Each structure stands twice: as C-alpha cells, then as structure tokens.
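Have a look at the structure that comes next, please.
The values are calculated or read from the model by the stated rules, or taken from the named source; none is laboratory data. Treat the numbers as computed from the prediction; the structure is a model and nothing was measured. Glycine gets a Cβ as well: all are built from the backbone with ideal geometry, and neighbour counts include every protein chain shown.
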Amino acid sequence: MAVLQTELKPLHIKGRRLLPIVQGGMGVGVSAHRLAGSVAALGAVGTISSVDLRRHHPDLMAQTGKSRDKSLIDNANLVALDREVKAALQLAGGQGMVGVNIMRAVAEYAAYVRQACESGAQAVVVGAGLPLDLPELTAEHPGVALMPILSDARGVALVLKKWMRKNRLPDAIVIENPKHAAGHLGAARIEDVDQPHFAFPVVLESTLQVLHELGLEREKIPLIAAGGVNSHEQVRGLLDLGASAVQLGTAFAITEEGDAHSNFKKVLAEAKPEDIVTFMSVAGLPARGVRTPWLANYLDKEEKLQRKAGPKECTVGFDCLHQCGLRDGIAKAGQFCIDTRLAFALEGDVKRGLFFRGSERLPFGSEIRPVRELIEFLLTGEVSPAGAWERAAA
C-alpha cells in the first residue's frame with residue numbers, strides 16, 4: 001500500500017514524519033489491527049483500542065465467553081492486545097505509526113500500558129482521566145510516544161507540570177472537543193460539554209500560551225485537534241490555529257477497513273442529527289451515541305434506575321472500570337453494563353448494542369469508503385469516485 005503525500009505540514013512524533021491525520025481509538029473492538037494497520041500503512045497514525053480485544057479472537061472467547069473468572073478474562077485481553085499490536089505493525093509495513101488507546105478509567109489500565117509497550121506499540125494514547133503516572137509506567141520503553149487526551153488548557157497545564165517534575169514531556173497532546181466528539185467526553189457534566197472554553201480557537205490558543213509560560217517551544221509538543229472534523233477546509237483551519245494534526249473517530253469507524261460489523265457501520269453512517277444523544281456513562285462521564293432501540297429504552301428508564309441505584313455484584317465477573325455506576329451504585333452515573341452493550345454493537349446487534357458516534361455530518365455522508373479515500377479527502381478536499389482505488393489496483 002503506497003504512502004499518501006500531502007502539501008500540508010507533516011506531523012513529527014518521535015522522529016517520525018507522519019501525515020497530519022490521526023485515527024482515534026474506539027472500543028469495544030471497533031478499532032483493532034485491521035483499521036489501525038491500514039491507516040498507518042498510508043503514513044498516518046493508526047490506533048488500536050485496548051478494551052476487551054478478546055472478542056476478536058474465537059479461541060480466547062471459547063476460553064472466557066462464559067467465564068466469571070476476572071483473572072482469566074484479563075489475561076485473555078492482554079494476549080489479544082499483543083496479537084492485535086503485532087498484526088497492525090505487520091500490516092503497516094514500517095510506515096506511519098501504530099498506537100494503543102487506553103482508558104485511564106479502566107481497572108487494568110496499568111497492565112494494558114505495559115503490554116502495549118512490550119508488544120511493540122509505537123505510541124500509548126490515554127484518555128478518560130488524567131494519566132499522571134504514565135511516565136513511570138513506560139519508563140522502560142523510552143522510544144514509545146506518550147499522548148494524553150485532554151479537553152482544556154487547565155488539564156494540559158496540570159499534566160505538563162506533573163510530568164516535567166519527572167523529566168518527561170508528552171510527545172503529542174490530543175485536544176478533544178466534547179461538543180462534537182463520540183464516546184466518553186472530557187467534561188464533568190452533560191451541561192458542560194458545550195462550554196465555550198472547549199472551542200478549538202480558545203483551547204488551542206490557551207494551550208499554546210501554557211507552553212510558552214512553561215518555557216516549552218510550541219513545536220516541541222504537537223497538538224492534535226479531535227472532534228467534529230469532516231472536511232479538508234476544517235483540517236486547514238485547525239492547522240492555521242496552531243494544531244499540528246487532526247484526529248477522527250467515527251469517520252474511520254465506518255470505513256471498509258473498520259473492524260466492527262457492517263451493521264455497526266450502517267447505524268453510524270445513517271444516523272440523523274436528531275438520532276444522536278448525549279447521556280451519562282457508567283464511567284461517570286458524559287457520552288455521545290446513536291439513539292438505537294436499547295438506548296432509547298434505557299433513557300426512558302434512566303431516572304428511575306438512578307433513583308434505585310445501589311452497590312451490586314458485577315454479573316459479568318470482572319470489573320472493567322475502576323468506578324462503575326452500575327456496580328458501585330453511583331446514582332449520577334449510568335446504570336448499565338457498558339462492556340456488554342458495546343460488545344453487542346461490535347457484533348452488529350442493532351437492538352441491544354450501544355453505538356457511540358460523533359455529532360457532526362460524516363465526510364462521505366452515509367457512504368462506506370476505504371481508509372485511503374477518507375485520508376485523501378481530508379488532505380486534499382478531492383473526492384474520488386466510489387471504488388476508484390479498487391479499480392485502479394485491479
């Protein structure tokens with residue numbers, strides 16, 4: 001697969017010259033080795049989501065699918081992560097960069113970080129919490145790029161100051177706008193996601209000011225703008241504002257190479273603006289997804305379920321989150337098993353799945369296109385006729 005070229009300024013991370021396009025990590029299993037490796041092979045940054053990757057491996061599911069043994073399941077997921085990283089690197093063929101996205105909020109966060117590094121991941125990307133301990137966890141792997149996901153300059157300043165005391169700096173920072181992003185959002189409450197201090201012009205300018213105040217050259221730590229990007233004009237505009245690259249999730253999830261079921265892609269691609277809702281996740285963070293039958297039913301009952309919230313035993317046998325609204329009885333958080341619902345979505349179960357999605361129109365509308373055509377469109381604004389790359393290859 002030939003690396004794409006662009007007139008846009010390249011993204012530089014750990015001595016690698018990359019396209020200014022980053023594919024966001026999406027779990028459960030939505031961004032595994034096929035998507036991440038295909039993106040990297042074109043010269044961009046591909047990202048595997050570490051969450052519950054055993055679901056892509058029939059032998060591991062045969063061992064753990066009906067198990068309630070937490071240690072057995074956790075070990076299977078580490079084996080799956082190792083397989084996925086190595087497969088993505090092989091598919092990338094030495095091009096681009098392959099990273100692993102790990103939620104700070106998951107119980108096995110530290111184990112995932114260590115496994116990602118040992119398996120050869122070229123970057124570790126951490127969101128859903130402040131990764132203040134990431135430098136220590138990766139100390140034996142100095143060649144791995146560290147990329148926290150943050151949403152405002154205050155969070156950036158906190159991470160930078162803590163890491164600087166440990167003689168470590170992020171190799172890039174993902175600035176995610178909760179107004180537009182999919183999945184878990186970097187705001188404390190639903191009513192906060194639209195706050196003006198999250199807007200890209202504000203947060204990029206204030207983050208650059210933080211770098212200046214800390215005596216850091218702006219080129220030293222690339223900023224990657226994430227959330228709502230769907231056009232070449234937006235890419236250029238964000239680069240002009242001081243970003244070094246952009247990150248997209250939903251648009252990559254629905255590509256031909258996306259690792260989820262075709263029904264999953266169809267739900268995301270065909271969702272109308274009125275179908276997209278923001279609600280509280282069990283992780284205690286706002287989240288954004290498509291109002292499918294399960295989510296509609298859940299939201300109708302949410303208030304009642306939250307009133308009755310109380311600690312209970314985890315019915316799936318393992319605590320995927322450090323803090324779970326359902327298991328721990330946290331009334332203000334979601335009251336459902338998120339791993340189970342995301343797994344249904346991965347498998348294409350439209351009735352029972354939870355389908356995370358960003359709020360904005362997708363670059364190709366409801367069309368399912370190859371990764372190459374998506375990246376080419378973001379870099380140039382030109383739209384190849386559907387299937388043109390396949391015909392050219394043939």
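Do we have any residue at all in the stretch 126-144 that's touching a residue at least 40 places away in the same chain (Cβ under 8 Å) and within 23 Å of Q323 (Cα to Cα)?
Yes; the residues of the stretch 126-144 include at least one that is touching a residue at least 40 places away in the same chain (Cβ under 8 Å) and within 23 Å of Q323 (Cα to Cα).
Within the stretch 354-368, is there a residue that is modelled with pLDDT of 95 or more, under 30 Å from G325 (Cα atoms), part of a loop (DSSP other than H, G, I, E, B) and not assigned by TED's automatic domain parsing to the domain that holds S38?
Yes, the stretch 354-368 contains at least one residue that is modelled with pLDDT of 95 or more, under 30 Å from G325 (Cα atoms), part of a loop (DSSP other than H, G, I, E, B) and not assigned by TED's automatic domain parsing to the domain that holds S38.
Here is a list of conditions, (1) in contact with a helix residue (DSSP H, G or I) (Cβ under 8 Å, 6 or more places away or on another chain); (2) surrounded by 24 or more Cβ atoms within 10 Å (Cβ to Cβ); (3) in contact (Cβ under 8 Å) with a residue 40 or more places away in the chain, and L89 meets all of them except one; can you say which number that is?
It is condition (2) that L89 fails.
So, in the stretch 180-196, exactly how many residues are surrounded by fewer than 23 Cβ atoms within 10 Å (Cβ to Cβ) and under 17 Å from the mean Cα position of the chain (by Cα)?
The total comes to 2.
Matching residues to (1) under 15 Å from P170 (Cβ atoms); (2) touching a strand residue (DSSP E or B) at 6+ places or on another chain (Cβ under 6 Å); (3) outside any helix (DSSP H, G or I):
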position	(1), (2), (3)
A111	no, no, no
R114	no, no, no
I149	yes, yes, yes
V156	yes, yes, no
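Looking at V51, V39, V79, which is the one that is crowded, with 24+ Cβ neighbours inside 10 Å and modelled with pLDDT of 95 or more?
Testing whether each residue is crowded, with 24+ Cβ neighbours inside 10 Å and modelled with pLDDT of 95 or more leaves just V39.
Let me ask another. Suppose we filter G46, G25 for residues that are part of a strand (DSSP E or B) and either within 21 Å of the chain's Cα centre (by Cα) or under 30 Å from H180 (Cα atoms) (or both); which single one remains?
On the way: G25 fails: part of a strand (DSSP E or B).
Going through G46, G25 in turn, just one is part of a strand (DSSP E or B) and either within 21 Å of the chain's Cα centre (by Cα) or under 30 Å from H180 (Cα atoms) (or both): G46.
Using the structure shown, decide if L241 is in the same structural domain as I375 (by TED's automatic domain parsing) and closer than 22 Å to G99 by Cβ.
No, not satisfied.
Continuing with this model, one more query. Name the one entry in E256, E313 that is surrounded by fewer than 19 Cβ atoms within 10 Å (Cβ to Cβ), part of a loop (DSSP other than H, G, I, E, B) and at pLDDT 95 or above.
Just a single option satisfies the conditions, and that option is E256.
Any residue at all in the stretch 340-350 that is out of contact with any helix residue (DSSP H, G or I) (no Cβ under 9 Å at 6 or more places or on another chain) and outside the structural domain of L35 (by TED's automatic domain parsing)?
Checked against the condition, which is being out of contact with any helix residue (DSSP H, G or I) (no Cβ under 9 Å at 6 or more places or on another chain) and outside the structural domain of L35 (by TED's automatic domain parsing), the stretch 340-350 yields at least one hit.
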